[in-house]
Amino acid sequence: MHTLHIADYIVFFLYFIVVTAYGVYVYRKKRSVNTSSKEFFLAEGSLTWWAIGASLIASNISAEHFIGMSGSGFALGLAISTYEWMAAATLIVVAVFIIPLYLKNRIYTMPQFLAKRYNDKVSTIMAVFWLLVYVFVNLTSIIYLGALAISSISEISFFWCVAGVSVFAIIVTVGGMKVIGYTDVIQVLVLIIGGLVTTYLALSLLSEHYGYGNDILKGLSVLRKEAPTHFHMIFQKGDPYYKELPGLSVLIGGMLVNNLAYWGCNQYIVQRALGADLNTARKGILFAAFLKLLVPVIAVLPGITMYVLHQKGLFLQEMSEGGVIKPDHAYPTLMNLLPAGLKGIAFAALTAAIVASLAGKANSIATIFSLDIYRKFIHKDVSEKKLVRVGRWAVLVSMIAAALVAPALRSLDQAYQFIQEYVGFVSPGVLAIFLLGFFWKRTTAQAAMAGALLTIPVSTVLKFLPVWTNGGFPDYPFLDRMTITFVTVAVVMILISWLFPQKENEKAIIEVDPKWFRVNTGFVVGSVIILGILAALYTVFW
């Protein structure tokens, strides 16, 4: 069962060779004689809109989507798709209102924005914090979940999987953002094709089990009939999973805070668009929004299908561990059922998702360390050539550190929800600092510092006070906690800015021009189509 056949290895190595060869081709064709730091970290002016959009999605989708989101589909149903579908709407907001502010002010890193808008102290604290989170939370969890998934569908040991995906990601990353951006186009094609193959298998299995042959449309109708509770997007109070996805908070509350912080204030994501002109960046982000609509088809539907088959008595052993049902086993179980050759495609898709995310994250780590730590505090007059070399060393060191820590993450159940909740301890404060910095000139550096220091304590109190008081304090769902934390931090920042206004010589130099928010007709049409699809989906599956 957990075996790759010769055909699978052939498919996988073809994928590996194509990605590596294309990366070398892009690196040699598009590099300048002396690679500059902006070229290495941002691929300045080199990425097309389709490369930007593909890179956004390839960097975003990883093992936590294929494994974790399918697991949540098994447990929660279609409602977990709100992370993807609301992200599509959020990307439109980011393209219109946030990306212009970065590009027009020539912002290349998130700490650079904080230094320019507030001061170096706020910038440095957040830069160090982001580096720690990126290495020991993001990189580590991607390597862990990726290695776990790959080892579960093959005879390759977990530790060799950790080493393999780390080395592959390093190979892609050291070529710089241009190589990452263009190879991500291949990675996205592979992961979408591989994901669709697995979804097709899942629906075919379901259709066959109910006597309809390989009719996947019949499989879809069976799915809705046999698991009606798994096709509601909005949970009401009293639903067993209301705490994970609480009512309208998935539309206008914590989910919006979560998405805006992730897509608009996150070096790992925003970096893809920072080297382009505004029109190209917006086209790329809109393309990414369209691709986001597809993700639940390849990540959530397989989990719901496994739920129905499991309820009918199938795959009981595969879905259990120590007598306990493990939702995150849903996707690996399906992949193990694929025939030779097709399993290789799914294997390549999973690897593509993991490697693309690792490469994107490692490049962002290198960017922040090189531009906001090394050049600012260690070697102010560093040459462009040495700065690029420092960035490559940062990639290597961070990947090794994450690979060494990854095996320690052995107790995750629904990995996707776990990651979302604990990232949510930080997101509200980051979003408050950025939004007030963008759109309210009176926001002071002292207020930003207070926001940075306040977000984790407020989130911690909201999560653990109900336990400490034996239920005497409300046990809020984590998305509601994010809303409360965001409002609390924003209010405190506004009060501090009012009570202790900035001096004239401390005024920020971030420019905001309403003309920057104008978009062309093509962007408007694309946005209306996306929002129309979302309205239809939420109407049908409310």
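Heavy-atom accessible surface of the chain, averaged per residue, reaches 40 Å², computed with a 1.4 Å probe. Rounded to the nearest whole Hz, the Karplus-based 3J(HN,Hα) values (6.51 cos²θ - 1.76 cosθ + 1.60, θ = phi - 60°) of segment 527-535 follow the sequence 5, 5, 4, 4, 5, x, 4, 4, 4, with x at glycine and proline. The charge dipole of segment 274-379, taken about the Cα centre with unit charges on the Cβ atoms of Lys, Arg (+1) and Asp, Glu (-1), comes to about 300 debye, rounded to the nearest 20.
A probe of 1.4 angstrom, applied to the heavy atoms of all protein chains, finds S221 with accessible area near 60 square angstrom.
Taking 21 Å as the straight-line reach from the Cα of K503, the lysines in range (excluding those fewer than 8 positions away in the same chain) are K116, K121, K441. What a 1.4 Å probe finds exposed on the chain is 67% carbon and sulfur by accessible area, rounded to a whole percent.
Here the relative contact order of segment 279-374, from alpha carbon pairs under 8 Å that lie six or more residues apart, stands at 15 percent.
Quick one: net charge of P474's neighbours, Cβ under 13 Å, K/R +1, D/E -1? Could the numbers behind the result be given before it?
Values: positive: K237, K243, K463, R481; negative: D475, D480.
Residues near P474 contribute +2 overall.
Across segment 200-356, the mean sequence separation of Cα contacts (distance under 8 Å, 6 or more residues apart), normalised by length, yields a relative contact order of 17 percent. Segment 246-307 and segment 187-207 have Cα centres separated by 21 Å. The length gained by stretching the chain between L531 and T48 to full extension, at 0.36 nm per residue less their Cα-Cα distance, is 171.5 nm. A cut-off of 5 Å between modelled amide H atoms, ignoring neighbours fewer than 5 places along the same chain, links F235 with G247.
Farthest toward the positive end of the dipole of the chain, out of L462, A75, S497, is the Cα of S497, where the dipole comes from beta carbon charges about the Cα centre. Partners of K29 within straight-line reach, counting lysines whose Cα lies under 21 Å from its Cα and excluding those fewer than 8 residues away in the same chain: K38, K178, K385.
The residue list A281, P332, A89 was ranked by how far each Cα lies along the charge dipole of the chain toward its positive end, using unit charges on Cβ atoms, and A281 comes out on top. The H on the amide N of T444, modeled in the peptide plane, is under 5 Å from the matching H of S497, each at least 5 residues off or on a different chain. Just the number, please: Stokes-Einstein D of the chain in µm²/s, Kirkwood Rh from C-alpha pairs, 20 °C, 1.002 mPa s. Translational D for this selection: 90 µm²/s. For the chain, the longest principal axis of the Cα atoms and the long axis of helix 49-60 meet at an angle of about 70 degrees. The value of relative contact order for the chain, using C-alpha pairs under 8 Å at least six residues apart, is 30 percent.
Mind checking segment 230-272 for trypsin sites (Lys or Arg not before Pro) that DSSP puts in a loop (not H, G, I, E or B) and that have at most 11 other Cβ atoms within 10 Å? For trypsin sites (Lys or Arg not before Pro) across segment 230-272 that sit outside H, G, I, E and B with at most 11 neighbouring Cβ atoms in 10 Å, the list reads K237. The calculated 222 nm mean residue ellipticity attributable to helices in the chain amounts to -21000 deg cm²/dmol, summing -39500 (n - 2.57) over DSSP H runs of n ≥ 4 and dividing by all residues. Think of segment 189-264 as having a plus end and a minus end, set by charges on the Cβ of Lys, Arg, Asp and Glu; of Y212, Y200, P240, P240 sits farthest toward the positive end of this dipole.
In a simple Cβ point-charge model (Lys, Arg +1; Asp, Glu -1; nothing else charged), the chain has a dipole of about 1700 debye relative to its Cα centre.
The values are calculated or read from the model by the stated rules, or taken from the named source; none is laboratory data. None of the values given here were measured: they were computed from a predicted structure. Virtual Cβ from ideal backbone geometry, glycine too; neighbours counted across all protein chains shown. To get the accessible areas, we keep the full protein, side chains included, count just its heavy atoms, and leave off ligands, DNA and RNA. Shrake-Rupley method; radii C 1.70, N 1.55, O 1.52, S 1.80 Å.
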